[in-house]
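Report on one structure; see the data block that follows.
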Amino acid sequence: MSSLIVKDNKSIEEKQYIVFTVENKVYGIDIMNISTIIMMPEITEMPLSADYIRGIINLRGHIIPIISMHKRMNFGEETVTKDTRVIVFNVDEENQVGIIVDTVREVTVISSEEIEEPSPFVNVNDTFISGVGKKKDNLVSIIDINALVDTEIVLEEKIA
């Protein structure tokens with residue numbers, strides 16, 4: 001659900017983001033991409049899959065590949081706690097992917113005016129971060145789900 005505000009002849013778009021943590025770092029994903037958030041399920045491992053693919057789950061009759069955000073971001077293995085969640089989002093009209101996160105904090109609204117480009121020292125092709133949202137004194141790294149999910153690898157796991 002986006003709203004459009006006109007201020008000083010500039011259009012400012014506001015979006016809602018699910019804010020979550022991985023290794024005590026704060027990230028956000030546009031809520032419009034989110035299908036559901038679930039507690040950590042039992043995951044069926046997939047042999048010979050990419051290192052960051054934890055496996056697959058059956059969610060309401062749909063096979064969904066699960067990505068370890070710790071491994072995808074080179075943080076190592078995650079420690080599963082009572083706060084660990086899987087955020088399931090839509091990759092396209094037919095496919096969903098889940099990501100394992102340490103905690104889900106909140107839903108927050110961030111306007112386009114509050115989002116800056118990622119660091120100029122980071123190659124855009126080497127990051128999953130599309131921008132950095134500033135909310136009061138907090139920074140929220142906005143995840144680009146298309147960059148996060150290598151669809152050829154992830155969706156191949158679903159079929160295998």
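The values are calculated or read from the model by the stated rules, or taken from the named source; none is laboratory data. The shown structure was predicted, so the numbers you read here are calculated from the model rather than taken from an experiment. Positions of Cβ are generated from backbone atoms using ideal geometry, with glycine treated the same way; all protein chains shown enter the neighbour counts.
A few remarks follow.
- For the stretch 39-58, the tally of residues that are in contact (Cβ under 8 Å) with a residue 60 or more places away in the chain and farther than 15 Å from Arg72 by Cα stands at 3.
- Pair list, Cβ under 7 Å, 6 or more apart: the stretch 86-99 residue touching a residue at least 60 places away in the same chain (Cβ under 8 Å), other residue buried (at least 17 other Cβ atoms within 10 Å of the Cβ) and of a type in the set (Phe, Trp, Tyr): Ile87/Phe20; Gln96/Phe89
- Residue-level analysis places Ile56 outside the set of residues that are in a strand (DSSP E or B) and over 18 Å from the mean Cα position of the chain (by Cα).
- Residue in the stretch 11-19 that is exposed (fewer than 15 other Cβ atoms within 10 Å of the Cβ) and either on the phi > 0 side of the Ramachandran plot or among the hydroxyl-bearing types (Ser, Thr, Tyr) (or both) present: yes
- Considering Glu42, Glu78, the condition of being modelled with pLDDT of 90 or more, loosely packed, with under 12 Cβ neighbours inside 10 Å and either of a type outside the set (A, V, I, L, M) or not in a loop (DSSP other than H, G, I, E, B) (or both) is satisfied by Glu42 alone.
- Selection count where residues are among the small types (Gly, Ala, Ser) and within 12 Å of Pro65 (Cβ to Cβ), scope the stretch 76-104: 1
- Given (1) within 14 Å of Pro41 (Cα to Cα); (2) part of a strand (DSSP E or B), index of the condition Arg105 fails: (1)
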